[in-house]
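*Asks:* What follows is a single structure, and I will ask about it in a moment.
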Amino acid sequence: MRIKVLKKLQSISEEKYKNFSLKLLPENTKLLGVRVPLIKKMAKQIKKNNESHTYLCIPLKQLEYQEEKMLFSLLIAYQDIAEEIRVENIKKYVSYISNWSECDTFSSALKTIKYNSEFYYNNFLSYTQSTEEYEVRFFYVVATNYFINDTYLFRILELIKKQKYNGFYDRMAVAWFLSMAFVKYEDEIKKYLKNTRLDTMVYQKTLSKINDSYQIKKEVKQELKSYLTKSQ
């Protein structure tokens, strides 16, 4: 089945889009140049044809191109299966994530988390202790998508206080989480930023992302400029 799917992906690839995307990804990324909405459309068609299980039986190490891996991840998200089995498949895929695009596309597709949040939170919590950059990023991107609420916010803020980082992209995920939490919990995150000693890059990127947000009032952004002088 892999050959059939690969040929289909190649047929809808765009060289111009490939060249643009490669500028945003690690140098060793193997890319065809297929837009994500088209990969999602293919995943839904494979599910409709009852071929999801067949594709998911392909060993991940055999999938050469990012689009093949993304398709694999989307089928995990779209399958009608028991949540325990889905978690097993998620963990298998997360160990193969090699860039932010694969991570974020997968995380945003896992809509099932909304309906069983405590189950997934507990299953993903160990990723905060990982020495793998994209495993840490996966947890915080999932948190940004599904856990910015009264139930989980303060738990995650406590995790961030002692979070150890492995690279640039896990730090950026935490900054993204904090900036998005700021939109909904302005007073709480403002107090947190004032009183918590964070990783310098995380702190600075959080303020930068808040400043870039169209959802934050100008006077609030002006106030946050004073935070840049805070000693870290």
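*Asks:* Given (1) at pLDDT 95 or above; (2) over 17 Å from residue 109 (Cα atoms), identify the lone condition not met by residue 46.
*Replies:* (2)
*Asks:* Filter the range 197-226 down to the residues that are charged (D, E, K, R) and exposed (fewer than 14 other Cβ atoms within 10 Å of the Cβ), then identify the one that is nearest to residue 163 (Cα to Cα).
*Replies:* 197
*Asks:* Pairs needed: first member in the range 101-128, part of a helix (DSSP H, G or I); second member anywhere, of a type in the set (S, T, N, Q) and crowded, with 19+ Cβ neighbours inside 10 Å; C-beta distance under 6 Å; at least 6 residues apart or different chains.
*Replies:* The qualifying pairs are 106/73.
To keep it simple, each residue is scored yes or no on (1) surrounded by 15 or more Cβ atoms within 10 Å (Cβ to Cβ); (2) more than 15 Å from the chain's Cα centre (by Cα); (3) modelled with pLDDT of 95 or more; (4) at positive phi.
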site: 24; (1), (2), (3), (4): no, yes, no, no
site: 38; (1), (2), (3), (4): yes, yes, yes, no
site: 42; (1), (2), (3), (4): yes, yes, yes, no
site: 75; (1), (2), (3), (4): yes, yes, yes, no
site: 78; (1), (2), (3), (4): yes, yes, yes, no
site: 81; (1), (2), (3), (4): yes, yes, no, no
site: 101; (1), (2), (3), (4): yes, no, yes, no
site: 106; (1), (2), (3), (4): yes, no, yes, no
site: 111; (1), (2), (3), (4): no, no, yes, no
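*Asks:* Taking the range 147-175 on its own, how many of its residues are closer than 23 Å to residue 190 by Cβ and assigned to a helix (DSSP H, G or I)?
*Replies:* 14
*Asks:* Report whether or not residue 141 is surrounded by 14 or more Cβ atoms within 10 Å (Cβ to Cβ), in a helix (DSSP H, G or I) and at pLDDT 95 or above.
*Replies:* yes
*Asks:* Evaluate the range 183-197: report whether one residue or more is of a type outside the set (A, V, I, L, M), assigned to a helix (DSSP H, G or I) and under 19 Å from the mean Cα position of the chain (by Cα).
*Replies:* Looking through the range 183-197, none of the residues is of a type outside the set (A, V, I, L, M), assigned to a helix (DSSP H, G or I) and under 19 Å from the mean Cα position of the chain (by Cα).
*Asks:* Check off (1) out of contact with any helix residue (DSSP H, G or I) (no Cβ under 8 Å at 6 or more places or on another chain); (2) in a loop (DSSP other than H, G, I, E, B) for residue 216 and give me the number that stays unchecked.
*Replies:* (1) is the only condition that residue 216 fails.
The values are calculated or read from the model by the stated rules, or taken from the named source; none is laboratory data. Predicted model only: the values in this text are computed from it and were never measured. When we count neighbours, we look across all protein chains shown, and the Cβ atoms used for this are built from the backbone with ideal geometry, even at glycine.
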